[in-house]
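What follows is a set of notes on a single structure, which appears directly below.
No lab work stands behind these numbers, since they all come straight from the coordinates. The structure displayed is predicted, hence computed values, not measured ones. Every residue, glycine among them, receives a Cβ derived from its backbone with ideal geometry; neighbour counts consider all protein chains shown.
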Amino acid sequence: MSGFILLAFAGALLQQAAPHPSTQTLYAAPAIRPFEPPSDFGRERAQGDGETDAHRRPLEAPVSVEAYVRSYEFSPGDTETAYDQGVASAEIRVDQSAGPMDGQWRVTDEHGRVLFGLVMNDNGRGPVEGGWRGTAGAGVATSDGAVLTLEGLGVLALEPAGRDWRGNLTEGGRSRAVTVSRPR
């Protein structure tokens, strides 16, 4: 019986520091939807000069490089162009709505040595979440302002410095200056 109590007590001590899933915010659809083509996409007739053959006839013999007068392929049709423009437009809208910490980052010490990497999701409207990975391990990174809490590592207090961020990393009661920049 005492072994069972000891096992239950040890299990309580080994609980993870991550918040319980029921306390986390539920999934919400993104404010900017990805490119979704209309129901008649690709079935509209081309107008004006756009009505041309969509495919070349099959090759009957090898073709030398000198035989090519123009490009090697047909230029994209209206459907391909519209789709590419829609995807590019959706990507631009998502990038414009992202917060300043969104993306991949590298944390370096005052001598320029890489300490660890960060990947952050900053939607510009709420808490910043992500993860860190380095030689000391890996863990979750969360922030509700200019202070990042790095689970299992410490706290990172930051302030903007041009395109980068500068601040102090506090680990185990010891603080040191760091720079947070995008990998080049």
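If the viscosity is 1.306 mPa s and the temperature 10 °C, what translational diffusion coefficient in µm²/s does Stokes-Einstein give for region 99-181 when Rh comes from Kirkwood over Cα pairs? Let's see the in-between values first.
Numbers: Rh = 12.5 Å.
Calculated translational D: 127 µm²/s.
Which of Leu115, Thr149, Gly131 sits farthest toward the positive end of the charge dipole of region 113-159, with +1 on the Cβ of Lys and Arg and -1 on the Cβ of Asp and Glu?
It is Leu115, whose Cα lies furthest towards the positive end.
What nm value, rounded to one decimal, do you get for the distance between Val119 and Ala67 when each label is placed 7 Å out toward the C-beta?
In this crude spin-label approximation the distance works out to 4.7 nm.
Trypsin sites (Lys or Arg not before Pro) within region 63-140: which are DSSP loop residues with at most 10 other Cβ atoms inside 10 Å?
Passing sites in region 63-140 are Arg70, Arg113, Arg125.
DSSP loop GluC sites (Glu not before Pro) in region 77-175 with at most 13 other Cβ atoms within 10 Å of their Cβ, which ones? Numbers along the way, then the final one.
Working: sites: Glu80, Glu91, Glu110, Glu129, Glu151, Glu171; in loops: Glu110, Glu151.
Here the sparse-neighbourhood loop sites are Glu110.
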